[in-house]
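Here is the structure we will look at.
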Amino acid sequence: MTQPRHTGDLAGAYALEACPPDEERSVAEHLSHCPTCAAEATDLGRVAGWIGASSAQAPAADLRARVLSAALAARPAGRPRPDAEAGRLTGIYAAQVAELDRLLGRLSPAEWLLPSGPHRSVRDLVVHLRGSDAPVAAATGIARLESTSDAHLGWQRQAGAIVSALGDADSAVLAERVPLAGRTAVQRPLREALVQRGFETWIHAEDVRAVLAAPPRPPSAAQLADIVAFAVRLLPAAMVAAGREHPGSAVRLVLTGDGGGTQLVRLSPAPGSAVAAEVSMPAERFCRLLAGRLTSPLHSADVGGDRDVATDFLTVAATMGCD
Amino acid sequence: MLAIPDEQDVRLRAGLIAGDEPTLAEVYDTYGPVVYGMALQVTGDRGAAEDITQEVFVDLWRRPERFDPHRAPLRGWLMLIARRRGIDWIRRRGTQERVRQAALTDPPPALVEDDVLASTARKQVRRAIADLPAPHRQAILLAYYRGLTYREVARTLNIPEGTAKWRLRNGLRRIGEQLRAEGFA
């Protein structure tokens with residue numbers, strides 16, 4: 001039998017979900033470009049809905065309490081679903097992955113061997129990036145990926161798997177604690193690690209752009225704001241780790257431009273935040289500073305107040321990246 | 001497929017995503033009867049219908065973002081899930097033969113008739129189904145409540161596949177015509 005041009009009598013079966021899967025697909029395909037059949041499908045679908053609704057029946061009264069308490073046990077009230085957030089963060093990361101992938105595709109074999117950022121070669125950089133991504137990949141439960149000696153492919157496969165695993169992650173997954181790249185002693189929620197992955201991927205894309213003599217490209221305002229928030233959370237402990245803490249003191253960080261804003265950054269985990277200094281610069285430059293990509297971090301900002309405090313702050317901030 | 005999503009559905013979805021408990025209660029109160037009724041109609045088993053109702057609402061609460069108001073109204077979407085789960089339940093449970101026997105009789109009569117949810121409309125729909133010629137009615141009930149494909153409907157009723165398809169389409173059309181004549185939109 002030849003495939004009918006129109007849905008014909010299948011319209012009824014389709015409305016009742018009574019088509020075998022292959023026919024269901026071909027009907028759906030046909031409906032997407034045939035308004036006449038689509039109108040009938042909508043019509044009959046509505047009738048099917050009426051039939052369904054006609055079986056409505058009040059459940060026993062005690063079912064209500066049972067259902068609501070089971071729901072609240074599965075997910076407590078007042079806890080917003082982070083999926084929108086997982087989708088957003090994964091989207092930002094995926095955009096940087098796509099961009100770096102594109103840049104790597106443009107490299108000649110000779111360019112793969114040129115120094116890039118702090119690395120001896122682009123190849124080393126990509127292998128390093130893959131290693132930095134690995135804890136996040138592991139936490140998302142990605143099945144073992146086929147091993148490959150191709151640095152580009154190996155990184156790209158793993159990054160792609162992270163994107164598909166986290167795009168619709170639920171709250172439990174995003175809250176899971178994972179070691180951060182470059183500072184494995186620090187365990188942070190996966191959502192923060194994902195911000196860090198996007199941050200590092202962007203910075204390495206900048207490194208590769210330098211190899212290609214392509215102009216720099218700032219991240220979106222949203223990504224800049226995420227990176228700043230990520231770093232600001234880690235800074236108090238990082239001040240201590242560097243032996244440069246100022247308990248009770250804070251820096252007023254004034255970031256301008258896309259992703260900017262003003263916030264108080266405490267200079268140790270101790271309580272209290274008396275403003276000892278003010279540091280001001282564009283948010284994008286602050287992100288480059290965090291990544292250790294500014295040649296003179298101490299002269300990158302307008303500083304007010306206690307210069308020693310500001311110097312300690314900028315010095316530690318410049319170590320927040322991961323090579 | 002819906003050009004404009006229903007405003008109330010959009011509001012309910014946002015409330016569920018935010019984790020708002022009153023919204024959960026509102027959704028249950030609004031759609032509990034269609035979900036439970038559908039599950040009961042398909043399974044013919046109160047316990048199973050209650051379990052399915054619980055699963056449907058717990059899943060909705062856990063992953064409300066899966067509901068896309070641009071594709072279907074919330075009521076239709078929840079009914080669809082309840083129906084599929086009910087069909088899974090009878091498939092797990094019953095032999096084909098039992099399913100067939102159950103299907104050949106009309107769906108079980110309402111166990112209680114006390115809920116007020118659009119009860120007039122419900123009666124109109126039930127009457128329209130009852131007014132169908134028996135072969136049409138059987139085909140529709142087998143497909144809709146037993147989850148049979150039109151090919152399985154044909155085998156079960158021992159009729160050609162083309163006839164089964166035609167009865168499904170024609171039966172739905174007749175119901176639609178009768179209800180629209182009575183003011184359904």
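The values are calculated or read from the model by the stated rules, or taken from the named source; none is laboratory data. The model shown is predicted, which means the values in this text are computed figures rather than measured ones. Cβ sites come from the backbone with ideal geometry, for glycine too, and all protein chains shown count toward neighbours. The protein model used for the area step is the full one, side chains on, heavy atoms only, and it has no ligands, DNA or RNA in it. Shrake-Rupley method; radii C 1.70, N 1.55, O 1.52, S 1.80 Å.
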Checking A:Ala86 against (1) modelled with pLDDT under 95; (2) assigned to a helix (DSSP H, G or I); (3) more than 14 Å from chain B (Cβ to nearest Cβ); (4) surrounded by 15 or more Cβ atoms within 10 Å (Cβ to Cβ), the condition it does not meet: (3)
Residues of region B:44-85 that turn out to be surrounded by fewer than 24 Cβ atoms within 10 Å (Cβ to Cβ), more than 9 Å from every other protein chain (Cβ to nearest Cβ) and more than 25 Å from A:Ala84 (Cβ to Cβ), as a count: 6
Condition met for B:Gly44 (on the phi > 0 side of the Ramachandran plot, in contact (Cβ under 8 Å) with a residue 60 or more places away in the chain and outside the structural domain of B:Ala143 (by the TED database)): yes
Selection count, region B:121-163, where residues are part of a loop (DSSP other than H, G, I, E, B) and crowded, with 22+ Cβ neighbours inside 10 Å: 1
Restricting region A:13-35 to residues that are open to solvent by 20 Å² or more (accessible area, probe 1.4 Å), within 12 Å of chain B (Cβ to nearest Cβ) and part of a loop (DSSP other than H, G, I, E, B), the residue that is farthest from B:Arg84 (Cα to Cα): A:Ser32
Filter result (among the aromatic types (Phe, Trp, Tyr) and at the interface with another protein chain (Cβ under 7 Å from one of its Cβ atoms)) within region B:144-183: B:Tyr144, B:Tyr150, B:Trp166
Every residue from region A:39-49 that is crowded, with 20+ Cβ neighbours inside 10 Å and either more than 7 Å from chain B (Cβ to nearest Cβ) or outside any helix (DSSP H, G or I) (or both): A:Glu40, A:Ala41
Answer residue from region B:164-185, given it is outside any helix (DSSP H, G or I) and under 18 Å from A:Ala48 (Cβ atoms) and is modelled with the highest pLDDT among those: B:Glu182
Leading residue by the ranking (farthest from A:Leu10 (Cα to Cα)) among those in region B:117-162 that are among the polar types (S, T, N, Q) and in contact (Cβ under 8 Å) with a residue 24 or more places away in the chain: B:Gln124
All positions within region A:277-301 that are out of contact with any Asp or Glu (no Cβ under 7 Å at 6 or more places or on another chain), over 14 Å from A:Val228 (Cβ atoms) and at pLDDT 95 or above: A:Glu278
Residues located in region A:209-249, provided they are part of a loop (DSSP other than H, G, I, E, B) and either under 22 Å from A:Arg88 (Cα atoms) or aromatic (Phe, Trp, Tyr) (or both): A:Arg217, A:Pro218, A:Pro219, A:Ser220
Number of positions in region A:50-78 that are open to solvent by 20 Å² or more (accessible area, probe 1.4 Å) and either of a type outside the set (Lys, Arg) or not in a helix (DSSP H, G or I) (or both): 16
The one condition in (1) free of Cβ contacts under 8 Å to residues at least 60 places away in the same chain; (2) more than 20 Å from A:Asp62 (Cα to Cα); (3) within 9 Å of chain A (Cβ to nearest Cβ); (4) open to solvent by 10 Å² or more (accessible area, probe 1.4 Å) that B:Gly19 fails to fulfil: (4)
Those residues of region B:171-185 which are surrounded by 19 or more Cβ atoms within 10 Å (Cβ to Cβ) and either under 28 Å from B:Asp45 (Cα atoms) or among the polar types (S, T, N, Q) (or both), in sequence order: B:Gly171, B:Leu172, B:Ile175
